1. Output the residues belonging to segment A:234-273 that are open to solvent by less than 60 Å² (accessible area, probe 1.4 Å) and closer than 17 Å to residue B:236 by Cβ.
2. List the helices (runs of 4 or more DSSP H) that sit entirely inside segment A:119-225 and contain at least 3 residues that are at pLDDT below 95, over 28 Å from residue A:56 (Cβ atoms) and open to solvent by 10 Å² or more (accessible area, probe 1.4 Å).
3. Select from segment A:96-113 the residues that are without any contact (Cβ under 8 Å) to a residue 40 or more places away in the chain and under 19 Å from residue B:218 (Cα atoms) and list them in ascending order.
4. So, of the residues in segment A:26-55 that are open to solvent by 20 Å² or more (accessible area, probe 1.4 Å) and of a type in the set (A, V, I, L, M), which turns out to be nearest to residue A:74 (Cα to Cα)?
5. Among the listed residues A:288, A:224, A:317, A:251, which satisfies the condition of being within 7 Å of another protein chain (Cβ to nearest Cβ) and farther than 30 Å from residue B:366 by Cβ?
6. If I ask for residues that are among the charged types (D, E, K, R), under 16 Å from residue A:235 (Cα atoms) and crowded, with 24+ Cβ neighbours inside 10 Å, which ones from segment A:304-354 would you list?
7. Give the number of residues within segment A:180-210 that are in contact with a helix residue (DSSP H, G or I) (Cβ under 6 Å, 6 or more places away or on another chain) and of a type in the set (S, T, N, Q).
8. If a residue must be charged (D, E, K, R) and modelled with pLDDT under 95, how many such residues does segment B:302-332 contain?
There are 2 protein chains.
Amino acid sequence: MSSIQSYITSNKQRFIDELIELLKIPSISADSAYKKETIQTAEVIKTNLKKAGCDRVEICETEGFPIVYGEKIIDPKLPTVLVYGHYDVQPPDPLDLWHSPPFEPVIKNTDLHPEGAIFARGACDDKGQMYMHVKALEYMTSQGDLPCNVKFMIEGEEEVGSVNLSHFVKANREKLENNVILISDTGMIAKDVPSITTGLRGLSYVEVEVTGPNRDLHSGLYGGAVANPINVLTKMIASLHDENNHITIPGFYDKVENLSDAERAEMAKAPFSLEAYKKSLDIDAVYGEEGYTTNERNSIRPTLDVNGIWGGYTGEGAKTVIASKAYAKISMRLVPNQDWQEITQLFKTHFEKIAPAGVRVKVSPHHGGQGYVTPIDSIGYKAASKAYEKTFGKTPIPQRSGGSIPIVSLFEQELKSKTILMGFGLDSDAIHSPNEHFGIWNYLKGIETIPYFYKYFTELKQ
Amino acid sequence: MSSIQSYITSNKQRFIDELIELLKIPSISADSAYKKETIQTAEVIKTNLKKAGCDRVEICETEGFPIVYGEKIIDPKLPTVLVYGHYDVQPPDPLDLWHSPPFEPVIKNTDLHPEGAIFARGACDDKGQMYMHVKALEYMTSQGDLPCNVKFMIEGEEEVGSVNLSHFVKANREKLENNVILISDTGMIAKDVPSITTGLRGLSYVEVEVTGPNRDLHSGLYGGAVANPINVLTKMIASLHDENNHITIPGFYDKVENLSDAERAEMAKAPFSLEAYKKSLDIDAVYGEEGYTTNERNSIRPTLDVNGIWGGYTGEGAKTVIASKAYAKISMRLVPNQDWQEITQLFKTHFEKIAPAGVRVKVSPHHGGQGYVTPIDSIGYKAASKAYEKTFGKTPIPQRSGGSIPIVSLFEQELKSKTILMGFGLDSDAIHSPNEHFGIWNYLKGIETIPYFYKYFTELKQ
């Protein structure tokens, strides 16, 4: 048994307990009702980073939630790894679909996780995955096994667009100087199929408001004679996709990178069962853009999804009303070369244009970020690949993810270094959904694998 | 000054105070949280009917909210008027748009109501209009001026479909026997343009649920690859109208009564200003079925309106989620000859059929009712017309309303008598909307006019 394996065996229960404590705090950055708890989470991270051996740990205030920064510089001449993660979590609703309360973590065994999984909001995204790095650091510092310098930057606004982190990065280029950025905020193909994420989609998130009459109206007295904002909104949203599920916003696809047949053939080699996919979601068919496979649709193609819609009477029973206003939250996942700000503007212009007479439309951008693609011949990628080989006994598969970590492309732009996305979660972990969980096996495997990345990166870099 | 006018002058403040007390009770039949208050309202009505001179006042239990019944039989050989009204009210939300709390009535002067209007949920629909009949009865019994028999039937489920009232009517044909049914639950064209409602639209109210994946999903990892229930729902709803705003449900228009050009020309004579209509709603254009005027669209033509829609994340900020489910409440206003149960079935069949693979659809009918048209040569209509002439100094205009009182066509079928719809509200009273109100002038004018209906009906009938 390796030194890291025996360290994990000896400290397993404590590693789990510490994560559970962190998961109890509802650090929901999107909801201002949880401001206090979100700030409190930053304090807990600070304490834990110090205990794990970081020097110069500090809470960096921003206009929003603070960023926790820490570093361990053992020799300025050695390479530096910058670890990024986030302590904020998605809102937990719909609460009634959780089998146990989202902020009262419980360990349950599942078919995929016979060793147990921790069920709680943020278990995987990203408290669990971020905390693997803290524990890996603890091992390396306590055992005198840290081969290079390390910096930590843990933010509290990833789920709401990282606006203040981007200011922080731009203002602290020197402090954050590094040779590689390491993030665990993605997943792998399966427990026995390790993978490294080489691409992320960009994001543009907007909120739309359609206003019709100046007050809610009786649907009998006015029905049929005035534009009903909900009916209009459904028509406008429906028109954003054509019959082949292409997005109809003019200019939307202009800069989309089209993969070659060879690249698509390479992608198609990743293990995937359409039947298992449909079964796991309990759907009778997949649905998406004509001409692309499921794995292409959710990684190399841009999308437009309504994330929320509301208007009129939504309570129990019936109310015969024509609402004055209807709303929707709409996000677009973007692929490399699509500029999120340009896409947001294209959306806004188009959506305002298609509004019929009789209603007024307001489009408010929420946040966004660029997509990202990383090459597989970098030192960082090679180091990560070797680390997985060491602990999984298999070469990881490079894969494009459909998700977004908008800040990654900014890191490259501002800090001039590549990001390596070493994720240990699974698609079935239900991140952003009720009953989010993270396998204990995955959590410990992450802690075991990370120190090898430091080792190989330092070796390959020198 | 007539006897009724001087009675009103002497008792005006008490009439207003009694209505205000009634309006303070939140009798929201659609919301089970207000069950106690709704039942309490029935008790208050019972007490007030007794005080007004009714004999045999009783609370008739149903499977839902009770019906208050009362009668004053002065001579079995004289005609009998059956008064119908309802003591339940619409839900008050959205609460934030009310300028004063919906169940704390206040009197305010407005441009249209320089004599003051009572602002409260139910002020016009229908507590205020129903209570005019109680006070008119009080006048007639206290002054020995009641010319015929009267029966009262006040229900508590009009806003949720009158299902239990229809059972009650079918089971009590003899008890409810009458020569004419009198209802004040509609409006008139303007304060100086009295009108009698001769037509009501029918109603079919359904709730739909679209289910996609078995859980909420991360919109990055799954976006573009699975059917998003909200996007699908918007597409399905949008497809229910064509580019001319005709409803696309097969068979929907098959039985629609088409008015002759002469009838449409007659309708067009009613005073109406499109500019004032648009201004009062703060809209730049009206919107509706091609080929029809605004007044036709909201009276003689059937409609399909979404009354509520919801799904996904609707809180503050952003959540990148694909919801498992999306919902809508949809109502169709129907015209005479359209059978509401047949239309409900046509909707259900069509809506299920247009669901794409990848989602499941559930359509749950809420309630409904038939439309109604009453002739203008009946004794009841003539008596009402004479009553308005007496108190307004003008012959009232017959008009079709876009609203629905589903129970009216059942009355005709079960009780074999015509219903006369003498309304004293105005379109601008904001029934079903925030800031519902009822003009004190209108309230008192109703109390003044009703006794003349009894007088003329009894005279014409004999």
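1. A:234, A:236, A:237, A:238, A:239, A:240, A:241, A:242, A:245
2. Where helices (runs of 4 or more DSSP H) fall fully within segment A:119-225, none carries at least 3 residues being at pLDDT below 95, over 28 Å from residue A:56 (Cβ atoms) and open to solvent by 10 Å² or more (accessible area, probe 1.4 Å).
3. A:96
4. Restricting to residues being open to solvent by 20 Å² or more (accessible area, probe 1.4 Å) and of a type in the set (A, V, I, L, M), the top hit is A:44.
5. Criteria check complete, one pass: A:288.
6. Hits for segment A:304-354 are A:305, A:329.
7. The total comes to 2.
8. At the first step, the residues of segment B:302-332 found to be charged (D, E, K, R) are B:305, B:316, B:319, B:325, B:329.
Subsequent filtering for residues that are modelled with pLDDT under 95 retains B:316, B:319.
Qualifying residue count for the region: 2.
The values are calculated or read from the model by the stated rules, or taken from the named source; none is laboratory data. All values reported here derive from a predicted model rather than from experimental measurement. Glycine gets a Cβ as well: all are built from the backbone with ideal geometry, and neighbour counts include every protein chain shown. These area figures cover heavy atoms from the full protein model, side chains too; ligands, DNA and RNA do not enter into them. Shrake-Rupley method; radii C 1.70, N 1.55, O 1.52, S 1.80 Å.
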